[in-house]
1. Relative contact order of chain B, please, whole-number percent, based on alpha carbon pairs below 8 angstrom and at least 6 residues apart.
2. Roughly what percent of Cα-Cα pairs across segment B:64-153 reach past 23 Å?
3. Find out how many positive minus negative residues lie around B:Val112, taking Lys and Arg as positive, Asp and Glu as negative, among other residues whose Cβ is under 12 Å from that of B:Val112.
4. Exactly which GluC sites (Glu not before Pro) in segment A:169-261 are in a DSSP loop and have at most 15 other Cβ atoms within 10 Å?
5. With each pseudo-label sitting 7 Å past Cα toward Cβ, what's the A:Asp138-A:Arg95 distance in nm, one decimal?
6. What are the aspartates and glutamates whose alpha-carbon lies under 19 Å from the alpha-carbon of B:Lys679, with same-chain residues fewer than 8 places away excluded?
7. Relative contact order for segment B:66-219 using alpha-carbon pairs under 8 Å, separation at least 6, rounded to a whole percent?
8. Taking the Cβ of B:Arg674 as the centre, find all other residues whose Cβ is under 14 Å away and add up their charges (Lys, Arg: +1; Asp, Glu: -1).
Amino acid sequence: MTMNINTSIETSPPRAQSSTRQALRLEAVVKRYGTGASAVMALRGIDLTLSRGSFSAIMGPSGSGKSTFLNTAAGLDTPTSGSVWIGDTDISRMRANRLARFRREHVGFIFQAYNLLPALTIEQNVTLPLMLAHTRVDRAWLDRIIRAVGLGELRDRRPAELSGGQQQRVAIARALITRPDAVFADEPTGALDSRTGRQVLELLAQMTRELNQTVVMVTHDPVVASHADRVIYLADGAFVGYQDGATTQQIIDQMSGLGEW
Amino acid sequence: MVNTLVRAAIRQHKGSFVGVFVAVLTATMLATGLGILIESGIRGGVHPERYSAADVMVGAQQSFDTAEGVTVPLNERVPLPADALAALRQLPAAARVVADTTTPLAWAGSPVEAHGWSSAALTPYRLVHGHAPQAPDQVVVTGAAATRTEVGATITLRHGGVPARYRVVGIAAAATAEQPARAQHVFLSDAAASALAPLGGAPSVVGVFARPGVSPDQLAGEIRTGIPDVATYTGDQRGNAEFLDVGVARGTLVAIGSSFAGTAILIALFVVASTLSLSIQSRRRDYALMRAIGATPLQIIHLVVREVLVIAGAGALIGAAPGYLLASAMRFGFAQAGVIPADFALASSPIPALGAIVLVVAAALLAAVVAARRPARINPIEALREASTTPARLGRGRTTTGIVLGIVGLLASAMPLVVQGAIAVTGPAAALLLLLISAGLLGPRLVRIAMAVFGGPLRRSPSPSAFLAATNARSNSRRLAAAIIPIALGIGLGLVQVGTGQIVATEASAQSHAGLTADLVVAGGASGISGDGAAVIARAPGVQAANPVALSDVTLSYVLLGDPSSQQYAAQGVDPSTDASTLDLDMVAGSLHSLKGIQTVALSTDAAQAAGAHVGDTVHEHLGDGTRVDARVVAIYTRGLGFGDVTMANAALREHTTTGLSNYVLVSTQPGQRAQVQKALADAGFTVTTRDGLDAVGDGARDANSAVNLIALVVILGYIAIAVVNTLVMATGERRREFALLQLLGATRRQVRSMMRAESIMVAVIAAVLGVLLAAPPLVGISLGISGQPLPGISPVTTVAIVASLSVLAMIALALATRSTMRTAPISEIGSRE
């Protein structure tokens, strides 16, 4: 059921009216490494719009451009051409320092491992992005998030005293503390056992629903991807299709069509 | 199998191994350099200039052994044993024996050395014009001096301030290409030279020519077996017989090298050990993994030892070569400071390098075994789990040792409260070393305490950088300690080294100013003042009192706390009839009037206390030329630091010096006559200054000494600087992931840099405070012992310079390390890979 994603995904009309609805928009994003004959096209013209409150998984075989997509969409790297909008800001032409300041207020990150600073308490880890942005902590929001991720009693502990699943919950709370336009998760359960991983993914899904947050998750694991509302397939630097509410088996079938993974 | 692992580990953890490599390399360089100084003190020297023609030079032993087995070098020329000359002439292997005497003269204000003409046979000098001196008023001039005059001219040479006229009858030049340059020489007739020479003209050095077929070494061997108590010199060693200052310089080099080597090597080993443990700690995860998959603790230790052997071995081998450069640089510095002659040649055998390599590699291996014990013993599962945090606890043994050494150090610093005088200063001086080791052992704990004190306000700071820095520092006190402790050690060491010199110099100059009551200080121009010269001065109209002062040194031997002990003191010989109008030593007991001959002595309170002597007691002395004397103490005075701790009768002391001359004469004038006396004496060819012109006794030695300390300090601080930069770069490199994470969470690069700047300020401040705290007890102790003041008189400029230079260095190093650590893109550091 491969189809031309470029037209299908772009459900909302461009710009202006969508400022409250769209969380992330990529327009004709190309990323090329190197020049001349040795140039590598990592992304060959990506168009994508994700609405607020969506939970998407980006899947693709290795070398398909998942990491480049994540870096470019999250504002860690700038596209060679095209533009990236987070909320209603075009970040594709921002300079490094401004981008860093923009990211800390509008983008959240969740990684596979080494997510937390061992020297800080759980609560300090969660509020770190606010502190770096010199923003006051909204206690009510902090309490709500910490309760939501189930860490109420562990606020004053240090990361070393927590299990891997608990640490990843802290990372989720930290990614949400700034009420970002989008949260990017890179293999968020890669370091966890399957039961803990499932709990973390359920939490992510629940957060997107209850707190109206937007999550973009990059993974190569069909089981993980099946927790997302929508799975978007990437191959050879371009989107090649998507599925809504896909089961693990459907994802496996789809991926098999894309080749080695 | 192990080798494969070692190679893989080295490839994988290049950064951490580079740190160990640099630490070992620099430590070896330092140890080699010091080793060369010590070896040069034993074997180095100056080429002979004058004594280059004789096969073997024979002199007396220029040192003596004390009861406790220490060899004390003698600073005055030791006379040959009375029967030595006759015995030499009896030797079958000796073809010819030529005696030499040296008398210092002044020729138009510059020094020349006078010798008998027969001794020209020992030298490269041959007549080029005229004839040899025969009458007592005839002279042959040499070298550069020859250009100032001509055969037939009359010149004035002064001995001891007394002028005499000589007629130039010949000009000699060296037959070799190189003209002697270390001194200017003139030759008198043998009788005239002998009449002027010290010790009544007895030869101090004798040259011996071998019979054909006898090698110089064979001849030297025969001389040593045939005649006891003489020293023989052949080849380049003959320079040591010619130049007394070279022997002194060699003694100095050994003393400097070994005193400085102790501290330097201690610090070097500490740095290597702490670098190693930093490196091993950064790889705990690897070791835990190996333990988890079945490696035994012994295998882990084995692996670590092999790694260290490879890295440290390479570092040590490469570090030995620049050690020779370091030694040359120090030689140059010492020569500039006037501690060793400018032409003093270093011995350069491979022995110091080999010694340094063995020492440093052995120390590194020992440190590796100690550092590897923790990862080797740890429960692997636990290790993998807690691998991303640092352990904060110190072993109990380490803590206990540190505390005990610290307490002993503090007690030793307090020694001057119980004992008085210079001897008590040895306590605080040793205390510094104990306190340094203690601080090294307790480092992380001290840093944690400091963080509790200083960190509070920072952790409540609204600035995220300050907050993060403070929080990181608290939970990573060990990493911080690795940076702080070497800086603090450097500051502490620097303050005590420089401070001690300043305290002593300040007190000496205060005593000298207070005690010197004479109106004028009269010196003999280019040489000293003889008894006749002093008499001339005393007879000058308007002179009320003239007190000739000769300077030398005396070693006192005594029993201290049940052990035989010896101490070399500066000594002065004064006129026993002197009164307070020229010199006021601040007498406590007895009187200088009782000084009579060699068997009476006056001591400073310091020396008297050390020797446990009171007026009327007998002390055991070795004079400057090694003569043993049992002398009765007739007086005790306080101003030992300003004038010398031992005072003897002028004539008695002069007989045991190289030149037999006084250094200067203290003159008090009749009221209102000062200007006239000054003019009259100056016209008579003396050098006359007011009393402000006289330095405290030993000021020159102290200046040289403080120059040596300064050079030593620069080398040690330079080493510490390299070590600190190295440690900081290593420790910062480990934090790549932390910096990356912070950036991904929204920290700008500037914020990360500012966090590290806050951390570097903490490092600098804690190191400065700790360093000053380390230096304070010994300095207060030394100050109490020397001047009785609890507040050490150290120039604030020096203090600030030492503290600031190291602190600033740490901040620069950390800033550079942070920049280079952040070079990789944050996402590629964190990514999804562990």
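1. 17 percent
2. For segment B:64-153, the share of Cα pairs beyond 23 Å comes to 46 percent.
3. Cβ neighbours under 12 Å give a net charge of +1.
4. A:Glu260
5. In this crude label model, A:Asp138 to A:Arg95 measures out at 3.1 nm.
6. B:Asp519, B:Asp692
7. Rounded, it is 33 percent for segment B:66-219.
8. Every neighbour counted, the sum reads 0.
The values are calculated or read from the model by the stated rules, or taken from the named source; none is laboratory data. Remember, it's a predicted structure, so these values are computed and weren't measured experimentally. Don't worry about glycine lacking a Cβ; one is built from the backbone with ideal geometry, like all the others, and counts go over all protein chains shown. With ligands, DNA and RNA removed, areas are computed over all heavy atoms of the protein, side chains included. Shrake-Rupley method; radii C 1.70, N 1.55, O 1.52, S 1.80 Å.
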